[in-house]
Amino acid sequence: MPAYQLHLKDKRIEWGNTIDVESLIGTYPQDSIRTGENLAVDWKLPDGIYSAKEVVIELDKLLEAILVQLGEPIDGNPSVLLDSLQANLAISGDLSSLPLGPLALKDKAGVELSVQAVRIGEQLVHWAREINSDKRALAKYGPETLGELEFRSHCYGHTLIPEAIAQVWGPAGGPKVMQLYNEYLHQFVLLRDALLPFANWEQVPFEVKEHKQFKGLRFLEPARKIFLTQLLGKELTHKAIVQYAQSVLSSGLTSAGYGFQYPLGTILPAALGQSPGEAARYLLKWHPVQTIKTEETQDIVAISFDYEYDDYYAALRSEAGAGIPASKDHFHISEDHSDLPSIARLLPNTESDRTTMRFSVEREGHASSSVDLGQLFRGHRFSYRPEKNSRSKDAAVERPSTSIHQVADILSHPGLVTNTDAGVHFISTGGNELVQWALLGKLYPENVVLLDKGDQEELEAALVSGKGYGTQFLVL
């Protein structure tokens, strides 16, 4: 298989071998509607590989069974039950199953996941409406089989809009219909929450195995409970997001780094392949690639990717040096960026009991420098953006010194680069995103500000951004 590639404008990142996962999705050994041991008609997600939309297709069978048991035609038709689903998947309102809106999360992880929850919930409801309009299950099973579907749903937390209550508990409804609808709602909530870590959540393939004690996605409930406790308690870390993603994807991994390989691909922070200033800091992304090959087996094994520096605070530090002195209002010097790299490769290191990855930038086929991939992502999470405030106009006179550094000089140092003396250190990459990422993996992640334009207004804002004191690195 060819090497996997991510394209970033006119540049690219390569690693591993592309794998075909698409052919594995949607083929299952059993049907989700089947006769159980007691000859009752039951619903279960069969063993197999699913995407989000495949799960929605299987869940529609529950909704169609509910509609059959309520009787056709129904006043208000399926839209009432789907409107109630929409209210449950919203992040605000009395019926919300994940009330992130009222919490007004301001931490970066909380903000990103709140946006995710809205985006995923809206699309799931859209799919649910679209799929139900086709009445696939009714055509496949007929009203008699769907009318016999019955099981106990052990969940008591989902409330309904008044119109749905009237329908489910009305003359044609009752406990049997309520159990089916409760499970329908709960499975959607589990699906939405399982997909929260992934920027490309629609594409993520995950394995479902049948459990006698769990129905559908309920095997995710223990991990989900821990994850939501951290999210709602505003104590969510990037490591916790990775741990939750590992549980969702049934990786079998117990320890967590910043990403991992599992049998259906590779999970890395979603920032990879994006411009650093615009990229998400906490979300993850699935890639259809086998990153780590193993000699013992042809199967794709689960492997966690570790940081080179478990504790970056204890890592070797190098001084950036004096650089070229700059005036307080002029940070730019004439510099040739024509030889900057246009390709980066991810290079695994599996020689020890830990698996680490290097981000190696290349120029004309020759590696020029490399940094730890985990430290690169850590540096991005800890970086700052210019923020305007009342101190911006006085920023230029508040720093004791300013200097300009060459990219090659910074990347040539061992360990992480910092400076003992307070001052402003400016590094221009000529807009090369690969070099910007490499610098984030090389600079000590404490007071680094990412710039877009480097004009006077942005510089003034940058100088009072970050910690507001100590050594500061500005990366353009």
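Any read-out appearing in this document is the output of simple, stated calculations on the displayed coordinates, not a laboratory observation. Everything numeric in this text was worked out from a predicted model, so none of it was measured. Using ideal geometry, Cβ is built from the backbone for each residue, glycine included, and neighbour counts are taken over all protein chains shown.
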Q | Relative contact order (%) - the chain, alpha-carbon pairs under 8 angstrom, separation at least six | A | 14
Q. Expressed as a whole number of Å, what is the distance separating the alpha-carbon centroids of the stretch 241-319 and the stretch 137-192?
A. 39
Q: Compute the long axis of helix 175-194 from its Cα atoms, compare it with the longest principal axis of the Cα atoms of the chain, and write down the angle in degrees, 0 to 90, nearest 10.
A: 10
Q. Using the alpha-carbon centroid of each, what span in Å lies between the stretch 202-216 and the stretch 34-99?
A. 16
Q) So how tilted is helix 79-89 from the main axis of the chain? Cα-based, degrees 0 to 90, rounded to 10. A) 40
Q: Just round it to a whole percent: the fraction of Cα-Cα distances in the stretch 1-61 exceeding 19 Å.
A: 54
Q | Relative contact order for the stretch 12-98, counting Cα pairs under 8 Å that sit 6 or more residues apart, in percent | A | 16
Q: Quickly rank 82-88, 219-225 as a protection proxy: mean count of other C-beta atoms within 10 Å, highest first.
A: 82-88, 219-225
Q: Could you work out the Rg to Rh ratio of the stretch 21-236, with Rh taken as the Kirkwood radius (inverse of the mean 1/r over all Cα pairs)?
A: 0.96
Q: Sort the stretch 1-128 into rounded, prolate or oblate with this rule: let a ≥ b ≥ c be the square roots of the eigenvalues of the Cα gyration tensor; rounded if a/c is under 1.5, and if a/c is not under 1.5, prolate when a/b is larger than b/c, oblate otherwise.
A: oblate
Q | Subset of LYS53/LYS212; LYS140/LYS225; LYS215/LYS293; LYS140/LYS215 violating a 27 Å alpha-carbon distance limit | A | LYS140/LYS225; LYS215/LYS293
Q) Quick one: in the chain, what % of C-alpha pairs are over 35 Å apart? A) 42
Q: Mind giving me the FRET efficiency for GLN406 and TYR28? R0 is 56 Å, r the Cβ-Cβ distance, nearest 0.05 is fine.
A: 0.45
Q: Tell me what the chain gives for mean residue ellipticity at 222 nm when only DSSP H runs of n ≥ 4 count, each as -39,500 (n - 2.57), the sum divided by the residue total, rounded to 500 deg cm²/dmol.
A: -10500 deg cm²/dmol
Q: Please report, in whole Å, how far the alpha carbons of the stretch 146-264 spread along each principal axis, starting with the longest.
A: 54, 31, 25
Q: For helix 108-134, report the angle its Cα long axis makes with the longest principal axis of the Cα atoms of the chain; keep it between 0 and 90° and round to the nearest 10°.
A: 30
Q | Length-normalised contact order for the stretch 398-476 - Cα pairs under 8 Å, 6+ apart - percent | A | 38
**Q.** Radius 15 Å from Cβ of ALA87, net charge of other residues (Lys, Arg +1; Asp, Glu -1)
**A.** -2
Q.
Just to confirm a number: summing +1 for Lys and Arg and -1 for Asp and Glu over residues other than ARG192 whose beta-carbon lies under 12 angstrom from that of ARG192, what do you get?
A. 0
Q: Sticking with the crude label model, points 7 Å out along Cα→Cβ, report the distance from GLN298 to LEU232 in nm, one decimal please.
A: 4.7
Q: Determine, from the Cβ-Cβ distance of TYR384 and GLU122 and an R0 of 35 Å, the FRET efficiency 1/(1 + (r/R0)^6), rounded to the nearest 0.05.
A: 0.65
Q) Using the Cα gyration tensor of the stretch 190-345, with a ≥ b ≥ c the square roots of its eigenvalues, what is the shape: rounded (a/c below 1.5), prolate (a/b larger than b/c) or oblate (neither)? A) prolate
**Q.** Ascending count of other beta-carbon atoms within 10 Å, so fewest first, for MET178, MET1, MET357
**A.** MET1, MET178, MET357
Q: For the pairs LYS176/LYS234; LYS9/LYS234; LYS108/LYS209; LYS135/LYS176, note any where the Cα-Cα span goes beyond 32 Å.
A: LYS176/LYS234; LYS9/LYS234; LYS108/LYS209
Q: Provide the FRET efficiency to the nearest 0.05 for the ASP353-ALA172 pair, computing r from the beta carbons and using R0 = 56 Å.
A: 0.35
(Q) Under the rule of at least 5 residues apart or a separate chain, name every residue whose amide H is placed under 5 Å from the amide H of LEU416. (A) LEU316, ARG317, SER318
**Q.** Size of charge dipole - the chain - debye, nearest 20, with Cβ of Lys, Arg +1 and Asp, Glu -1, no other charges
**A.** 680
**Q.** Total formal charge among the other residues, if their Cβ is under 15 angstrom from that of GLN116, Lys/Arg +1 and Asp/Glu -1
**A.** +1
Q. So for the stretch 21-236, taking the charge dipole from beta-carbon charges (+1 Lys/Arg, -1 Asp/Glu), which of TYR184, ASN200, ALA139 sits furthest toward the positive end?
A. ASN200
